[in-house]
Structure formats: structure tokens, C-alpha cells
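Working notes for the structure below.
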Amino acid sequence: MMRVSLLAHTPEPERFIASAARLCYSSSGISELASNFSDEDIRRILKKIMASRHYSALEHASFTFGIEGISRACSHQLVRHRIASYNQQSQRYVKYTSDAEYVIPDSIVKDEEAKKIFLGNWDAAIGAYNELISMGVSQEDARYVLPNASATKIIVTMNARELLHFFELRTCQRAQWEIRRLAKKMLLLVLEICPTIFADSGPSCFRGPCMEGEMRCDAPPKKETFFRDE
């Protein structure tokens, strides 16, 4: 089962971002900027930033997530987002046992015959993996038989600007179901911390025309039901 937690973030990120943005136009000392802001000042400045799309100040706030129970297929998509830092559980050093966690798509779970095929192949892969190790093959070579369904753990740090980009791409209906589910969980977590910055975050169709053009989906999500778990 996918598990996502917000491990750490820049303290008072919205106040910090507003202070950084205001510095460009203020003669005050850096240490004085944040203390002179009311909550309403912060919201006003952030709304101006978001409306103008002058996002450079957003890069000063970072968020670190602990992610468990996603597949290797999902993590390979995640690490394609290059403006981020990652540390992932290594298949070279962590041995897979017979009770190793895996991710099975809903489309397979609901079909008994498909589920039987999936589980049979999973058991065969884990069996082959452990047999190779018992023959003296190293873990780093035996892992070549492990499926994309293998569950993994990863710690991810992104700044607020990159998160906006990540959410726009990966909460879209056309994104693969697992990373879409991951992105929605991450968005819910940061929305609690930064309600102004991420107020309109999500697929591009929430803010205007779909960016997918001719590849757009036939059933765009409704914003009022978007945050319900899939």
C-alpha cells in the first residue's frame, strides 16, 4: 500500500517566500522583512506572485517526502523530474525475501484470471531471485529478474516551484494511475502547509485550456471531487 508523509519543510514557507519576493522592492534589512508582514500581507504578495507567474521566489522553500509502497515502475517515472533530490532503497544491498512487498494494479486485482497470472509470475521471479543467490550469484546481478511491480522506498525533496510543475504533469488524467495517485497525496500534504501557493495546483485544465492538446482526455476531473482518493 502506498504511504506518503511530509518529513520536513522550510519553516513558515509562505512567509519565507513572501519575504524573499519583497526583498526585490524593499530597502529594509533582510532580517526585518518577515517580521513586518501580517498574514494578509503574505497572502496578498503570494497571490500577486502566482498571478504574474514570477516563480523564482518559490524556489526558496523546499519539502521533503517519505514515500513507501510504490512500484519500481512508478519510481522510474518520479526520478525523471530532475530538479529534485532522491535517495532510494537499493536493490543491490537490500535482499528481497518471499514476503517482499509488491504493487498490483486494480485492473489486475478485479480479474481473477489476470490476478492468478500476475501472482504466479511474481512468485516465480522471487523464487528465481533467491535461487540465483543460493547459487552464489550476487544480489546486484540476481536483481535483474525482479519485476517492475517490486515495491520500493524513496525520500524526495523538491522546492515549491518544481512541485507546481510536478503536480501539473502528474495529476493530469493522462498520467499513469500510480504516479497520479502519488502526486495527489503529495499535493494534499503541501496544501495544508501552503494553502495560498498550492490553492490552484493540479492539472492544467483547472486553470485554463488543457496543455495536452489533441492528446487531452475525454473526461477531465472536476476540481470539487479531485482530492478524493482513487
Which of rounded, prolate, oblate describes the stretch 103-169, given a ≥ b ≥ c as roots of the alpha-carbon gyration tensor eigenvalues and a/c under 1.5 marking rounded, otherwise prolate only if a/b is larger than b/c?
oblate
Could you give the length gained on full extension between S56 and K115, defined as 0.36 nm per residue of separation minus the Cα-Cα distance, in nm?
16.5 nm
Can you find, among L6, I126, L146, the residue sitting farthest towards the positive end of the charge dipole of the chain, where Lys and Arg contribute +1 and Asp and Glu -1 at Cβ?
L6
Relative to the compact globular guide of 2.2 N^0.38 Å, what is the alpha carbon radius of gyration of the stretch 49-164, as a ratio?
1.39
Cα-Cα over 27 Å: which of K115/K223; K48/K184; K48/K153; K48/K223?
K115/K223; K48/K153
Charge dipole (the chain, unit charges on Cβ, about Cα centre) - positive-most of S204, P220, V190
S204
If I take every Cα pair under 8 Å that is 6 or more residues apart in the chain, average their sequence separation and divide by the length, what percent do I get for the relative contact order?
26 percent
If the only charges are +1 at each Lys and Arg Cβ and -1 at each Asp and Glu Cβ, what is the size of the charge dipole of the chain around the Cα centre, to the nearest 20 debye?
520 debye
Which values, in whole Å and largest first, are the semi-axes of the equivalent ellipsoid of the stretch 76-138 obtained as the square root of 5 times each eigenvalue of the Cα gyration tensor?
25, 22, 8
Assuming a viscosity of 1.002 mPa s and a temperature of 20 °C, what translational diffusion coefficient in µm² per second does Stokes-Einstein assign to the chain, Rh being the Kirkwood radius over Cα pairs?
107 µm²/s
Picking from T64, S75, I45, whose Cα lies most toward the positive end of the charge dipole for the stretch 31-115 (charges on Cβ: Lys, Arg +1; Asp, Glu -1)?
I45
About the Cα centre of the stretch 92-149, how large is the charge dipole given +1 on each Lys and Arg Cβ and -1 on each Asp and Glu Cβ? Please answer in debye to the nearest 20.
140 debye
Let me make sure I get this right: for the stretch 103-230, a, b and c are the square roots of the gyration tensor eigenvalues over alpha carbons, sorted descending. Under 1.5 in a/c it's rounded, otherwise prolate if a/b > b/c, else oblate. Which is it?
prolate
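Each value in this text was obtained by applying a stated rule to the coordinates, not by laboratory testing. Keep in mind that this is a model prediction, so the values were computed, not measured. We place every Cβ from the backbone using ideal geometry, glycine too, and count neighbours over all the protein chains shown.
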